[in-house]
1. Condition first: in a helix (DSSP H, G or I) and open to solvent by 50 Å² or more (accessible area, probe 1.4 Å). Now tell me which residues in segment 47-68 satisfy that.
2. Determine which member of the set ARG159, ARG83, ARG71, ARG93 is modelled with pLDDT of 65 or more and surrounded by fewer than 17 Cβ atoms within 10 Å (Cβ to Cβ).
3. Looking at segment 35-45, can you tell me whether even one residue there is open to solvent by 20 Å² or more (accessible area, probe 1.4 Å), of a type outside the set (Asp, Glu), modelled with pLDDT of 90 or more and part of a helix (DSSP H, G or I)?
4. Give me a count of the residues in segment 19-41 that are closer than 20 Å to PHE57 by Cα and either touching a Lys or Arg at 6+ places or on another chain (Cβ under 6 Å) or of a type in the set (A, V, I, L, M, F, W, C) (or both).
Amino acid sequence: MFKAVLVSVDGSAPSDRALALAIDVAGRYRARLAIVHAVVGDISLGALMETAKRQGFLGDIVAELDEAMTRPAFPTPITAPPRGAAPTVLLERFGALMLEGASARAHELGVARVETALLGEDIAREVLQFVEANGVDLIVCGTRGQGDIKSFFLGSVSRELLEEAKCPCLVVK
């Protein structure tokens, strides 16, 4: 029935449950699994570190943060991240590690075809574009994510996906 399933991951509990369900569906239908993560700039460094710890890659994030702190940088008020926010390079590394872990989990559980993608901050629009461009016929997402201001799959984003997607959406609590 399903040939391509998309799931969003951000390390939150609803996201982890959505990943488990998407892996199960993709495995049952021998479907291709697309795992996406949005690089959003509103997550605090503390929340990022806590999630990295829970997901098992805190050491990698700490190493990246140490390296980022030694790079010469001259942020302007326009390019500087908000106070307490994680630097973009760290957010991208976090996203890459999140996708690597999710992909490895899917392969371990028998999903043969897995692809990953980092998306930008306009989450719903970018997911819908990815779905259209890649022939996805099921979207799986958590009810809410974990960003401090706008979470990855906050109610408004999952609601927008439910309203705008041309394929079925499964929202996981």
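1. GLU50, LYS53, ARG54, GLN55, LEU58, GLY59, ASP60, VAL62, ALA63, ASP66, GLU67, listed by residue number.
2. After applying the criteria, what remains is ARG159.
3. No: zero hits.
4. Residues in segment 19-41 being closer than 20 Å to PHE57 by Cα and either touching a Lys or Arg at 6+ places or on another chain (Cβ under 6 Å) or of a type in the set (A, V, I, L, M, F, W, C) (or both): 7 in total.
The values are calculated or read from the model by the stated rules, or taken from the named source; none is laboratory data. Everything numeric here is computed off the predicted structure, so don't read it as measured data. When we count neighbours, we look across all protein chains shown, and the Cβ atoms used for this are built from the backbone with ideal geometry, even at glycine. The area values use the complete protein model at the heavy-atom level, side chains included, leaving out ligands, DNA and RNA. Shrake-Rupley method; radii C 1.70, N 1.55, O 1.52, S 1.80 Å.
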